[in-house]
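Peer 1: Dumping the structure here so I can ask a few things about it.
The values are calculated or read from the model by the stated rules, or taken from the named source; none is laboratory data. Since the structure is predicted, the reported quantities are computational estimates derived from the model, not experimental observations. Positions of Cβ are backbone-derived with ideal geometry, glycine not excepted, and every protein chain shown enters the neighbour counts. These accessible areas exclude ligands, DNA and RNA; they are computed on the full protein's heavy atoms, side chains included. Shrake-Rupley method; radii C 1.70, N 1.55, O 1.52, S 1.80 Å.
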Amino acid sequence: MKNIISSLTILGITTTILGSSSFAQTSEIEEFHVVGNEPFWDIKIEKTGIVYQALDQKTQYFPYFYPLSAQGRPIDQVRVYQLRGKRNNMLILNRVESCSDTMSEKNYPYSATLIMGNQVFDGCAEKKIK
């Protein structure tokens, strides 16, 4: 029993440390604008969280952990945002040569995959210009 309590305590401390280190890097988070069509959806990745909008839906705000990168790849190649507070919700950005949003025919440097529960949406993204 003592070993179980010790293990749980260590797990809790590790989770706290990992969680806080994720947020400690918020000054390094780059902001993005993400769009998708059919159905239309729009995301703004900001330093404080992700703002999700879709047609005929209420705007949703998701805090997130610092984005993960693919093993052996720089963060600018693949970014995975785990949306906090919702199970299995994530946003994946992949750097590509060109991604078209199919409506404006504008080319974007990132493709985007948004997973919301059991739905998957496809779109494009670009870094916000400051």
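Peer 1: Set the Förster distance to 25 Å, then compute FRET efficiency between E38 and Q71 from the Cβ-Cβ distance, nearest 0.05.
Peer 2: Working: r = 33 Å, r/R0 = 1.30.
For R0 = 25 Å, the calculated efficiency reads 0.15.
Peer 1: Can I ask one more? All other residues with a Cβ under 11 Å from the Cβ of N107 taken together, and with Lys, Arg as +1 and Asp, Glu as -1, what is their net charge? Don't jump to the answer; show the numbers that get you there.
Peer 2: Details: positive: K106; negative: E97, D101, E105, E126.
Residues close to N107 contribute a combined charge of -3.
Peer 1: Same structure again: How would you order 70-77, 57-64 from highest to lowest mean count of nearby Cβ atoms within 10 Å? Walk me through the intermediate numbers first.
Peer 2: Values: 70-77: 10.9, 57-64: 13.4.
In descending order of packing, they fall as 57-64, 70-77.
Peer 1: Something else now. Apply 1/(1 + (r/R0)^6) to the Cβ-Cβ distance of N88 and E31, taking R0 = 41 Å, and write down the FRET efficiency to the nearest 0.05. Display every interim value, and only then the final one.
Peer 2: Numbers: r = 24 Å, r/R0 = 0.59.
The formula returns an efficiency of 0.95 here.
Peer 1: While we're here: Which one, L83, M103, I115, projects farthest toward the positive side of the charge dipole computed for the range 80-130 from Cβ point charges (K/R +1, D/E -1)?
Peer 2: So the residue we want is L83.
Peer 1: Let me ask another. Of L91, L55, which has the most accessible area with a 1.4 Å probe, and how do the rest follow in descending order? Display every interim value, and only then the final one.
Peer 2: Working: L91 0, L55 115 Å².
If we order L91, L55 from most to least accessible, we get L55, L91.
Peer 1: Follow-up question, since we're still on this one. Leaving ligands, DNA and RNA out of it, report the carbon-plus-sulfur percent of the accessible area of the range 63-104 at a 1.4 Å probe. Could the numbers behind the result be given before it?
Peer 2: Values: 1320 of 2720 Å².
Ligands and nucleic acids excluded, carbon and sulfur reach 48 percent.
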